[in-house]
Amino acid sequence: MLRPSRRDFLKLAGLASGAAALSGLAPGSTFGETKLPNVIILVFDAMSARNLSLYGYKRQTTPNFEKFAQRASLYHNHHSGGNYTSPGTATLLTGTYPWTNRAFNIGGLIERGRVDHNIFTAFGDEYHRLVYSQNLLPNYFFGQFDKDLETILPPSAFSVIAQVTGEKIGGDLEGGYRAYDNFLFQDGAPPASVVFGLADRILLRSREARANYEAYPRGLPRAGDHPIFFQLADVFDGLNATLEELRSPYLAYLHLWAPHSPYKPTWEFDNKFLDNFRPERKPDHRLGEHTLNSKINGRRQNYDEYVANVDAEFGRLVESLEARGVLDQSYLIVTSDHGESFERGVEGHVTKLLYEPLTHIPLMISAPGQQDRRDIYSPTNHVDLLPTLLHLAGKPAPDWTEGRLLPGLGGSEDLERPIFTIEAKANRAYAPLTTATVAMVRGAYKLIYYTGYEKEDTFELYDLQNDYEELNDLYVHQPALAKPLEEELIETLNSANARYPKV
């Protein structure tokens, strides 16, 4: 069977638009008739469960998510592996926590000896394995996994404007992005190359000035500081067309930038939430960024509008998949890599903190032909997706995964199971975690451990069942409750650290 190589595809993508590049998919994805289910993983970057009406948020941000949930398993207590893209995505793709896969630095990579411990290798070549991410960070992982990927759509696919140089460099996807797009040409800071970097920016500004963005009153959405400008409708239409070209069975990991900042909804959703909603103000955290609350509330409103915009496009996609019968032969997983914060002086997710808006993320899984809703309240984590999806495809879970089968999809409910989220951007990748924040959820309680930031390590303890907003720290006042949780967290962290020599 003839299949285009990654290099062939990237050459094609460098010469054509994202839509035109789709013509190269069909010849490389022809599979015979099979009963194996398709698996579609749809990741919305920086989507917090705490801002979704699906999970009880006061603003009606997600009517289409709510409609989809009527035919899905809805997980109410699902958490990310980290508070930003690298650890959050690595946890999902490897079924291991960041202290095991080591991808907890910004732009970090999976530990070399564990590169084959990923979902694409585990699914095997029975499946056509396709990946796409508008965020460059997961593309670093795709470069590590490329021998087990049939198709890598470039981050610039489906864009209005794109000047991504790294995707045109054959043979080293990760190195190309780092050397060119994250070093020579990255916007938002002086470019490494005064001559080439300045020329690149002049060309980008010229193209941006000529672009038609009348549907977007705040300007075209953009993938952070990278030169990728897009319209949401184009991205969803492109993904829909991509899935239509693929033949079963396939595993598709689709990672969208939205609703990550900058929050730029279309005119239908801009100023949609001009209301009197004012969340309870929380005191600034000593390790926060001390952003003014007035700014935070304004950014929350714009974020909510962008979430609603994404929800509407998601509704269009689901309608199309349903009309074509795709949902009758596919598992559709809807989730995020991490959340977003609008509290305690923190706007965004580049922070040391691990409160629920940053770690509590959506998870819905619709089985082929499912028509009923199932609500799951047990604590679950992104480490659970890999073993669960393998189980659903009739494959055994590897012994290296740290996850469990999700309740309702082969696993059993365990309300007291501990799950973890790690923040360690400032820590060395291959050293014990000594500068980090670690959160453990066990039952109704959440313990947060801060180490290496101040003279003394500190803890916070919250009762999530009775203190939804994490305002009443129980750590000092209930030592009998806190002590066993503290011992468990420290023991788990020490076990993870034991693999690495102290420095």
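The values are calculated or read from the model by the stated rules, or taken from the named source; none is laboratory data. Given the structure is predicted, the values throughout are model-derived calculations rather than measurements. Ideal geometry is used to build each Cβ from the backbone, glycine not excepted, and the neighbour counts take in all protein chains shown.
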Output for Cβ contacts, cut-off 8 Å, separation at least six or different chains, first residue surrounded by 11 or more Cβ atoms within 10 Å (Cβ to Cβ) in segment 462-479, second of a type in the set (Gly, Ala, Ser), reads Asp463/Ala444; Leu464/Ala444; Leu474/Ala482; Tyr475/Ala482
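Residue by residue, here is whether (1) closer than 19 Å to Asp467 by Cα; (2) aliphatic (A, V, I, L, M) holds:
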residue: Ser336; (1), (2): no, no
residue: Phe342; (1), (2): yes, no
residue: Val346; (1), (2): no, yes
residue: Pro357; (1), (2): yes, no
residue: Ile361; (1), (2): yes, yes
residue: Ala367; (1), (2): no, yes
State yes or no: is Asp275 within 15 Å of Ser48 (Cβ to Cβ) and either touching an Asp or Glu at 6+ places or on another chain (Cβ under 9 Å) or assigned to a loop (DSSP other than H, G, I, E, B) (or both)?
-> no
Flag if Leu481 is in contact with a strand residue (DSSP E or B) (Cβ under 8 Å, 6 or more places away or on another chain) and more than 23 Å from Pro357 (Cβ to Cβ) = yes
Considering Arg71, Arg50, which residue is part of a loop (DSSP other than H, G, I, E, B) and of a type in the set (Lys, Arg)?
-> Arg71
Under 8 Å by Cβ, and 6 or more places apart or on different chains, what pairs join a residue from segment 485-503 that is closer than 19 Å to Tyr475 by Cα with one that is crowded, with 16+ Cβ neighbours inside 10 Å and of a type in the set (D, E, K, R)?
-> Leu485/Arg442; Glu488/Arg442
Can you name every residue in segment 98-115 that is crowded, with 17+ Cβ neighbours inside 10 Å and without any contact (Cβ under 8 Å) to a residue 24 or more places away in the chain?
-> Asn101
Matching option when the condition is touching a Lys or Arg at 6+ places or on another chain (Cβ under 6 Å), modelled with pLDDT under 65, surrounded by fewer than 21 Cβ atoms within 10 Å (Cβ to Cβ) and not aliphatic (A, V, I, L, M), among Gly197, Gly170 | Gly170
In this structure, does Gly315 turn out to be at pLDDT 95 or above and either among the aromatic types (Phe, Trp, Tyr) or out of contact with any helix residue (DSSP H, G or I) (no Cβ under 9 Å at 6 or more places or on another chain) (or both)?
-> no
Condition test on Thr380, is it over 22 Å from Phe44 (Cα atoms), polar (S, T, N, Q), buried (at least 17 other Cβ atoms within 10 Å of the Cβ) and within 23 Å of the chain's Cα centre (by Cα)?
-> no
Which ones in segment 250-269 are out of contact with any Phe, Trp or Tyr (no Cβ under 8 Å at 6 or more places or on another chain) and charged (D, E, K, R)?
-> Glu268
Pull up segment 389-436, narrow it to residues that are farther than 22 Å from Pro501 by Cα and among the basic types (Lys, Arg), then point me to the one that is surrounded by the most Cβ atoms within 10 Å (Cβ to Cβ).
-> Arg404
Members of segment 258-279 that are of a type in the set (A, V, I, L, M, F, W, C) and within 25 Å of Glu322 (Cβ to Cβ) | Ala258, Phe269
Within segment 376-389, can one find any residue that is touching a residue at least 12 places away in the same chain (Cβ under 8 Å) and within 29 Å of Phe273 (Cα to Cα)?
-> no
